[in-house]
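Everything on this sheet refers to the single structure shown next.
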Amino acid sequence: MAAAQYPHLLAPLDLGRTTLRNRVLMGSMHTRIDTQDEPVRRMAAFYAERAKGGVALIVTGGCSPNQEGLIEPGAPVLETEEQALHEHRPVTDAVHEAGGKIALQLLHAGRNGKIDTLVAPSDIRSPINPRTPRALSTEEVEQTVEDFVRCALLAEKAGYDGVEVMGSEGYLVNQFVAERTNDRTDQWGGSAENRRRFSVEIVRRIRERAGPAFIIVYRISAIDLAEGGSPFEEISALAQAVQDAGADILNTGIGWHESVVPTIAYPVPRAAFRFAIARLKKSVRMPVVASNRINTPELAEEILASGDADMVSMARPLLADPHFVNKAAEGLPQTINTCIACNQACLDFAFAEKATTCLVNPKAGREIEFPVGRAKKTLKVAVIGAGPAGLAAATEAAKRGHSVTLFEAAAVLGGQLNLAIEVPGKLEFKETLRYFGEQLKRLGVDVRLNTRATTKGLAEEKFDEVVVATGITPRQLHFPGIDHPKVATYIDVLTGKVEAGHQVAIIGTGGIGFDVAELLTSPHPASHRETPEEFFEDWGVDTTPESSTGLKEMNTKQPGRRVTLLQRSPTRPGERLGLSTGWIHRNRLRRRNVRMLSGCSYDRVDDAGLHITVNGLPSVLPVDTVVICAGQEVNRTLADDLIAAGLKVHVIGGAHVASELDALRAIDEGTRLACSL
């Protein structure tokens with residue numbers, strides 16, 4: 001049945017040198033797992049779990065071929081045989097034992113490096129890096145090519161099945177290709193042919209010196225989305241040149257990291273950029289890999305069946321569920337823990353110099369920290385509250401073999417996740433609710449909706465362990481007029497209980513405040529899944545092959561509402577938003593003319609509107625609605641009653657610590673607690 005359901009996704013791919021068992025490539029990620037204790041053991045467990053899950057070819061996180069190419073101090077580098085055998089061989093052995101193949105990504109950061117000795121084709125500074133690179137001399141360029149080759153040959157000794165040359169996203173190889181970053185006048189710059197020489201020589205020399213079965217993947221920028229980027233004519237010519245030089249697979253990347261267009265966060269429609277991959281595929285004979293926002297087997301199958309690509313690259317979806325491929329092969333796509341592209345525990349952690357994991361799967365990158373198999377003793381466990389913390393605790397406890405009853409006072413599962421779904425662009429969160437609901441059903445959890453747990457009832461049922469995940473309550477503010485009819489909570493607005501007027505003030509600029517502003521200014525209802533065409537129009541993406549940048553003017557159409565975001569703190573509004581998504585929210589709201597004020601004190605609300613003082617100057621906002629998004633407080637009254645009654649109680653999620661709507665911490669706490677029972 002499964003083979004018939006996903007015949008293209010599950011079909012083997014003959015590369016001539018070797019055969020891949022299906023069409024799924026695990027894309028490279030900067031996990032920073034290597035910065036933790038026991039890095040080799042952790043990396044081996046992390047990649048082996050994905051190989052066990054059915055992935056055909058894993059591409060590691062970027063590894064520099066020399067010290068000048070480090071993406072940050074202490075980042076992975078492969079320069080010696082000792083490193084190959086001691087730091088890498090255990091990883092490749094673990095992947096092979098699990099039935100997979102693995103390639104080492106060769107990544108030289110160039111001007112993107114967070115080091116003081118960074119080098120690049122030219123001394124042109126990146127707009128997202130305060131450091132100015134030193135331009136490589138002609139001799140140094142030649143040596144850098146040789147460093148790439150040496151690194152590839154060491155990777156072969158380490159047991160890797162191949163390498164991926166990272167020529168996308170604005171790293172060094174890509175910097176040589178684009179006029180944006182290459183103003184050289186020697187044989188490595190000037191004409192398009194000279195600018196692609198660096199890429200071609202790396203591939204050609206690796207092919208000449210590596211073994212006949214060694215796989216070479218070249219990751220190309222299918223569209224740069226940056227001024228001074230490569231037009232499609234040059235991208236196509238580069239693809240053909242690396243093919244002729246000996247590359248086996250053409251993987252694709254979308255945009256430079258300094259691009260003004262989002263490419264992988266949840267506001268980006270699924271597979272939005274497949275148009276760029278599809279036109280590139282027509283230029284070459286070798287297999288082409290589609291990438292970016294492909295997170296379901298149905299979508300992957302459709303892309304492959306259409307002929308737009310020969311493989312699909314999934315990175316974060318395999319953080320979310322390492323057994324994605326096996327579940328598709330078993331005909332159980334509904335059991336896949338789908339990536340929601342939130343970036344909160346992957347990219348945001350990496351940018352914050354922490355080892356990455358996954359919001360919906362806290363075991364990702366932490367595999368050695370969690371027990372495997374069933375608990376030694378079966379317990380009777382009550383979980384109170386079916387928000388993210390409760391859902392994670394109930395699911396994991398049931399997987400451990402415990403008898404679990406889940407109490408939820410509302411009529412549906414999800415808790416505060418149901419509020420997220422009411423925000424335009426966040427429909428992906430429905431996937432998380434679908435996953436947990438399916439797990440509860442399959443694991444036989446006794447789910448009691450519309451049921452408010454009581455101390456007496458829990459005591460009578462004699463539960464061994466009681467997990468309280470009752471969540472939060474909105475924080476109440478106290479100033480004159482807070483009870484005025486103009487005032488509403490964010491829950492009132494998100495659930496549709498209150499319809500905001502045309503002039504709105506939002507108190508609070510955390511994630512909830514920005515979500516409410518998105519809801520009130522979006523041209524689409526929350527139920528609308530934005531199409532790629534709508535996204536391109538909004539963000540100014542030029543899809544024509546003649547464009548040398550992939551850019552056009554962004555949409556500045558004004559919404560019907562006038563919204564003002566306010567905060568007490570004098571800092572920049574939205575500072576606490578995720579590093580990889582905050583700029584997206586701020587950019588879009590500014591284009592919708594949303595005002596953002598900091599350093600505000602709230603004097604009163606009356607019929608005239610919201611009276612505020614900003615930097616000592618009083619003023620009045622003549623608003624129709626004031627939405628309070630000023631944080632949360634723990635909801636642990638029941639927990640305290642249960643503890644007083646002598647029950648064995650564990651408090652998790654918002655009931656433990658109220659901090660925004662922190663699904664990341666909630667799911668992690670729920671999972672870890674259940675694993676400890």
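Annotations for the structure displayed:
- Spatially proximal lysines relative to residue 648 (Cα-Cα < 17 Å; intrachain offsets below 8 disregarded): 377, 380, 456, 462
- Separation of segment 1-50 from segment 151-194 is 24 Å, based on Cα centroids.
- With Cα atoms as the point set, the radius of gyration and Dmax of segment 1-134 evaluate to 17.7, 57 Å.
- Model label points for residue 455 and residue 607, set 7 angstrom from Cα along the Cα-to-Cβ axis, are 4.8 nm apart.
- Reachable aspartates and glutamates, given that their alpha-carbon falls under 18 Å from the alpha-carbon of residue 399 and they are not under 8 places away in the same chain: 49, 321, 367, 369, 438, 446, 464, 465, 668, 669
- Calculated FRET efficiency, residue 464 to residue 569, Cβ-Cβ distance, R0 = 45 Å: about 0.50 to the nearest 0.05.
- Helix 197-209 axis, angle to the chain major axis (alpha carbon atoms, nearest 10°): 70
- Charge tally in the Cβ shell below 10 Å around residue 374, where Lys, Arg are +1 and Asp, Glu are -1, residue 374 excluded: +4
- Zone residues, segment 452-487, relative to residue 369, backbone N less than 19 Å from point 7 Å out along Cα-to-Cβ: none
- For segment 12-271, the calculated P(r), taken from all Cα-Cα distances in 10 Å bins from zero up to the bin holding the longest distance, is 7, 32, 38, 20, 3 percent.
- Between residue 124 and residue 4, the distance separating the two model label sites (each 7 Å from Cα on the Cα→Cβ line) works out to 5.5 nm.
- In segment 271-402, taking the dipole from charged Cβ atoms about the Cα centre, the farthest positive-side position among 357, 273, 309 is held by 357.
- What the Kirkwood sum gives for segment 506-573 is a hydrodynamic radius of 14.3 Å, with every pair of different alpha carbons counted.
- Between the listed residues 165, 574, 102, the Cα displaced farthest toward the positive end of the dipole of the chain, a dipole computed from Cβ unit charges relative to the Cα centre, is found at 574.
- For segment 331-384 versus segment 596-613, the gap between their alpha-carbon centres in whole angstrom: 42
- Counting 0.36 nm for each residue step from residue 378 to residue 85 and taking away their Cα separation leaves a gain of 101.2 nm.
- Residues 427, 440, 610, sorted so that the one with the fewest Cβ neighbours within 10 Å comes first: 427, 440, 610
- Relative to one another, the C-alpha centroids of segment 88-118 and segment 387-453 are positioned 37 Å apart.
- Under 19 Å from the residue 194 label point (7 Å along Cα→beta-carbon), backbone N, segment 126-150: 135-145
- Here's how it looks for residue 251: its modeled amide H is under 5 Å from those of 218, 219, 220, 289, which are all 5 or more places away or on a different chain.
- The equivalent ellipsoid that matches the C-alpha gyration tensor of the chain spans semi-axes of 44, 33, 22 angstrom, in descending order.
- Taking 7 Å steps out from each Cα toward its Cβ at residue 244 and residue 209 produces label points 2.3 nm apart.
- Segment 245-348, dipole about Cα centre (Lys/Arg Cβ +1, Asp/Glu Cβ -1), debye to the nearest 20: 300
- Dipole magnitude for the chain: computed about the Cα centre from +1 point charges on Lys and Arg Cβ and -1 point charges on Asp and Glu Cβ, it is near 1240 debye.
- DSSP finds beta bridges in the chain, and of those with both partners inside it, around 20 percent are antiparallel.
- Added length on full extension, which subtracts the Cα-Cα distance from 0.36 nm per residue, residue 186 to residue 137: 16.7 nm
- Using only side-chain charges placed at the Cβ, +1 for Lys and Arg and -1 for Asp and Glu, the dipole size of segment 12-271 relative to its Cα centre rounds to 700 debye.
- Taking Cα atoms only, the orientation of helix 429-443 departs from the longest principal axis of the chain by about 80 degrees.
- With the cut-off at under 15 Å, measuring from each backbone N in segment 87-105 to a point 7 Å along the Cα-to-Cβ line of residue 34 picks out 87-92, 103-105.
- Taking the longest Cα principal axis of the chain as reference, the axis of helix 663-676 is set at about 90 degrees.
- Diffusion constant of segment 121-242 at 37 °C, which comes from Stokes-Einstein with the Kirkwood Cα-pair radius and 0.692 mPa s, µm²/s: 220
- Three-way shape call for segment 260-368 based on the alpha-carbon gyration tensor, with the a/c threshold at 1.5: oblate
- Gyration tensor verdict on segment 165-307 (Cα atoms; rounded if a/c is under 1.5, prolate if a/b is larger than b/c, oblate otherwise): oblate
- In the chain, helical runs assigned H by DSSP with n ≥ 4 each contribute -39500 (n - 2.57); averaged across all residues and rounded to the nearest 500, the mean residue ellipticity at 222 nm is -9000 deg cm²/dmol.
- Unit charges at the beta carbon, dipole of the chain: most positive-side option, 547, 597, 214: 597
No lab work stands behind these numbers, since they all come straight from the coordinates. On a predicted model such as this, the values are computed, not experimentally measured, just so you know. Using ideal geometry, Cβ is built from the backbone for each residue, glycine included, and neighbour counts are taken over all protein chains shown.
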